[in-house]
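Taking it in order: structure first as structure tokens, then the write-up.
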Amino acid sequence: MGVGSLTKAEAYQKYSDDLVRFATGLAGPADGPDLVSAAMVRVLMFPRWEEVKNQRAYLYAAVLNEARRHYHRTMRRRAGEARAVASGETGPLSEVRPDVLQAVGRLSVRQRAVVFLTYWEDLTPAETARRLGVSPGTVYRNLARGEARLRRLLYD
């Protein structure tokens, strides 16, 4: 092993309770454990973990960054909900129309993934690209094709 002294699994076991407490302080008890899980997924993809000198600090920074992403996603979603309310859209905002679900189900798997992550998970194209392990261009292309197909399926 390199500079760091723990494997990713060992570091998670050693620091997970502290990380969950930290995340809970940042985002509340409902989201704290999920933030740690999301941060650990990102850490698992980091190929040079063994070279990290202060693994504990690295994990805390990963949780902090995930909390920031969570905050920004929440603010974007709330702003979108506020715009929908201000525009006079009626009905519950979380209501999902069956015809929309059926149309989304007719998209290709890649298009469905991109549409889901963009609109239901409120990720940016760059975040979606990272999550799927593809380029942002691939996300934009599949999003445009998926949106075009949804328009045809829903409005033609």
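The values are calculated or read from the model by the stated rules, or taken from the named source; none is laboratory data. The structure presented is a predicted model; accordingly, all values stated were derived computationally and were not measured. Methodologically, a virtual Cβ is constructed for each residue, glycine included, from the backbone with ideal geometry; neighbour enumeration extends over all protein chains shown.
Part of a helix (DSSP H, G or I), touching a Ser or Thr at 6+ places or on another chain (Cβ under 7 Å), surrounded by 14 or more Cβ atoms within 10 Å (Cβ to Cβ) and at pLDDT 90 or above: is that true of VAL20 in this structure?
Here the answer is no, as VAL20 does not meet what is asked.
Given (1) assigned by TED's automatic domain parsing to the domain that holds HIS70; (2) at pLDDT 80 or above, where does VAL85 come up short, assuming only one miss?
That leaves (2) as the condition not met.
Determine which member of the set ALA103, ALA62, ALA27 is of a type outside the set (Val, Ile, Thr), buried (at least 17 other Cβ atoms within 10 Å of the Cβ) and at pLDDT 90 or above.
Just one listed residue meets the conditions, ALA62.
Does ALA57 count as assigned to a helix (DSSP H, G or I) and more than 22 Å from ARG131 (Cβ to Cβ)?
The answer is yes for ALA57.
Return yes or no: is ALA61 outside the structural domain of GLU121 (by TED's automatic domain parsing) and under 18 Å from the mean Cα position of the chain (by Cα)?
Spelling it out, ALA61 is indeed outside the structural domain of GLU121 (by TED's automatic domain parsing) and under 18 Å from the mean Cα position of the chain (by Cα).
Within the stretch 114-137, work out how many residues are assigned to a helix (DSSP H, G or I) and either in the same structural domain as ALA39 (by TED's automatic domain parsing) or touching a residue at least 24 places away in the same chain (Cβ under 8 Å) (or both).
Looking only at that region, the number is 4.
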